[in-house]
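**Q** Once you've had a glance at the structure underneath, I'll fire off some questions.
The values are calculated or read from the model by the stated rules, or taken from the named source; none is laboratory data. Predicted model, so just to flag it, every value in this text is computed and none were measured. Backbone-built Cβ (ideal geometry, glycine too); neighbour counts: all protein chains shown. Side chains included, ligands, DNA and RNA excluded: accessible areas come from the protein's heavy atoms. Shrake-Rupley method; radii C 1.70, N 1.55, O 1.52, S 1.80 Å.
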Amino acid sequence: MWNAVLVGALVLVLAQLEYVSLQRWEEIGEIILGLWLIASPFTFGYAEAGSLQYWHFVLGAIIVLLATWELWQDWRLSDKELAQHGQ
């Protein structure tokens, strides 16, 4: 349970950092966290838990897809445009 809580909190922190300063590494961090959420049932040995494994897979996939979409949108911006974002 603590794994899911910690991953969720870290995803929220990274998402909130985008309001302060838009950086590409934030989306990369979210992608890594989403992939970890997908892999964690197998790492911690609760892959046979049934619906819990599916929830982690689905929520991890949603995080990865949304972060990839944001990264794709940000990738077209120059560093100067990224710095001016939100001002």
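**Q** In region 10-42, what residues are over 19 Å from residue 70 (Cα atoms), open to solvent by less than 80 Å² (accessible area, probe 1.4 Å) and out of contact with any helix residue (DSSP H, G or I) (no Cβ under 7 Å at 6 or more places or on another chain)?
**A** Hit for region 10-42 is 39, nothing else.
**Q** Turning to a different aspect of this structure: Residues in region 43-58 that are open to solvent by 50 Å² or more (accessible area, probe 1.4 Å) and in contact (Cβ under 8 Å) with a residue 24 or more places away in the chain: how many?
**A** Number of matching residues: 1.
**Q** Do the conditions hold for residue 61, that is, is it modelled with pLDDT of 85 or more, among the small types (Gly, Ala, Ser) and loosely packed, with under 14 Cβ neighbours inside 10 Å? Spell out the reasoning first.
**A** Working: modelled with pLDDT of 85 or more: yes; among the small types (Gly, Ala, Ser): yes; loosely packed, with under 14 Cβ neighbours inside 10 Å: no.
Considered against the rule, which asks whether it is modelled with pLDDT of 85 or more, among the small types (Gly, Ala, Ser) and loosely packed, with under 14 Cβ neighbours inside 10 Å, residue 61 comes out as no.
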